[in-house]
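So the structure is just underneath, and the comments pick up after that.
The values are calculated or read from the model by the stated rules, or taken from the named source; none is laboratory data. Just so we're clear, the structure is a prediction, and the values are computed from it rather than from any experiment. Heads up, the Cβs are rebuilt from the backbone with ideal geometry, glycines too, and the neighbour counts pull from every protein chain shown. Heavy atoms of the whole protein, side chains included, go into the accessibility calculation; ligands, DNA and RNA do not. Shrake-Rupley method; radii C 1.70, N 1.55, O 1.52, S 1.80 Å.
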Amino acid sequence: MASTTATFLSTLARATASLSSSTMPPGGAKVVRFLPAQTSRGRRAVLAAPRAAVSGTEKAQPAPASDKGKSKDERVVKVHSIEEFDGALKAAKNRLVVVEFAASDSESSSQIYPTMVQLSRTCGDVDFLLVMGDESEATKELCRREGITQVPHFNFYKGAEKVHEEEAIGPERLAGDVLYYGDSHSAVVQLHSRDDVEALINEHRGEKGKLVVLDVGLKHCGPCVKVYPTVVKLSRSMAETTVFARMNGDENDSCIQFLRDMDVVEVPTFVFIRDGKIVGRYVGSGKGELVGEILRYNGVRVTY
């Protein structure tokens, strides 16, 4: 395995270097510079109670201040204290937990809450919590501890650790975030180390092997989140010819080193591998360009 790894990394470094100038995305495709693992943004001054952030102009839906009339299939759990909050994160273990921090007088909170409810019905492997910041002194204290100064504010946790946060977002972005950070059920193979990559590549060697599309991103990467729903859809529609995999480059030291060995400097980067060899690379989040590149490396003639 060690010699195979060394050979692959050497090939990967040469191939990505030679392709970097010829496969860069057209203008408009968004990328971000690759950096080492990021930390959560600094906490701001805490208000006595969260204030509403302006987002959208849609007509407000009923506020989520009450559990009255809650449907049986709604899985949004309302928490009322730090103890309940910490207990819910601990019970979730390594499942994704999405927390909406809201306020009863926030129109934006009312507008986004139906999306939370819908996601709770369709994402069975994700836990959803609601914290009403102005409900009591206990919830205000929870908001202060978590650094919440505006609502609606969304925090994403795994293993009781915050992995992402968003503020004043719309339904499409929220759904994309849940898919990106909680994906464990799609046909996209989740890779967490160099060994995972090597095993997947070796599995698809030979004449019957499929094209491997490796999606390399970062945890806090807007363009990576934006393009990921397309990756999930393609993984289902192209399952007979193509295997899709994903690695977050800042997940751990092994992933960071692997990206350095691959000379990845921008994300998202898609590496195309066939029969153990790097055949191409696409850098960017353009959906049409990505589909075109995948078809091209599957032998379909594509003209732009």
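Confirm whether TYR180 is modelled with pLDDT of 90 or more and either assigned by the TED database to the domain that holds PHE272 or not charged (D, E, K, R) (or both).
Judged against the criteria, TYR180 is not a match.
From the residues in the range 232-254 that are out of contact with any helix residue (DSSP H, G or I) (no Cβ under 8 Å at 6 or more places or on another chain) and buried (at least 17 other Cβ atoms within 10 Å of the Cβ), which one is farthest from GLU203 (Cα to Cα)?
The qualifying residue farthest from GLU203 (Cα to Cα) is GLU251.
Of all residues in the range 208-231, which are of a type outside the set (A, V, I, L, M, F, W, C) and open to solvent by less than 10 Å² (accessible area, probe 1.4 Å)?
Residues satisfying the conditions are ASP215, GLY217, TYR228.
Could you please tell me which pairs satisfy a Cβ distance under 6 Å, a separation of 6+ or placement on different chains, a first residue in the range 226-246 that is farther than 25 Å from GLY170 by Cβ, and a second residue that is in a strand (DSSP E or B) and open to solvent by 20 Å² or more (accessible area, probe 1.4 Å)?
Partner pairs satisfying both residue conditions: ALA245/VAL189.
Right, ILE294: crowded, with 19+ Cβ neighbours inside 10 Å and either without any contact (Cβ under 8 Å) to a residue 12 or more places away in the chain or not in a strand (DSSP E or B) (or both) or not?
Considered against the rule, which asks whether it is crowded, with 19+ Cβ neighbours inside 10 Å and either without any contact (Cβ under 8 Å) to a residue 12 or more places away in the chain or not in a strand (DSSP E or B) (or both), ILE294 comes out as yes.
State whether one or more residues within the range 162-181 are open to solvent by 40 Å² or more (accessible area, probe 1.4 Å) and more than 30 Å from PHE270 (Cβ to Cβ).
No, the range 162-181 has no match at all.
Residues in the range 100-114 that are open to solvent by less than 60 Å² (accessible area, probe 1.4 Å) and charged (D, E, K, R): how many?
Summing the residues that are open to solvent by less than 60 Å² (accessible area, probe 1.4 Å) and charged (D, E, K, R) in the range 100-114 gives 1.
Determine, yes or no, whether VAL97 is in contact with a Leu (Cβ under 7 Å, 6 or more places away or on another chain), under 22 Å from LYS226 (Cα atoms) and open to solvent by less than 30 Å² (accessible area, probe 1.4 Å).
Yes, satisfied.
For the range 148-161, how many residues meet the condition of being more than 14 Å from ASP127 (Cα to Cα) and either crowded, with 21+ Cβ neighbours inside 10 Å or in the same structural domain as VAL216 (by the TED database) (or both)?
Here the count works out to 4.
What tally of residues in the range 134-146 results from selecting those that are touching a Lys or Arg at 6+ places or on another chain (Cβ under 8 Å) and open to solvent by less than 10 Å² (accessible area, probe 1.4 Å)?
Residues meeting the conditions: 0.
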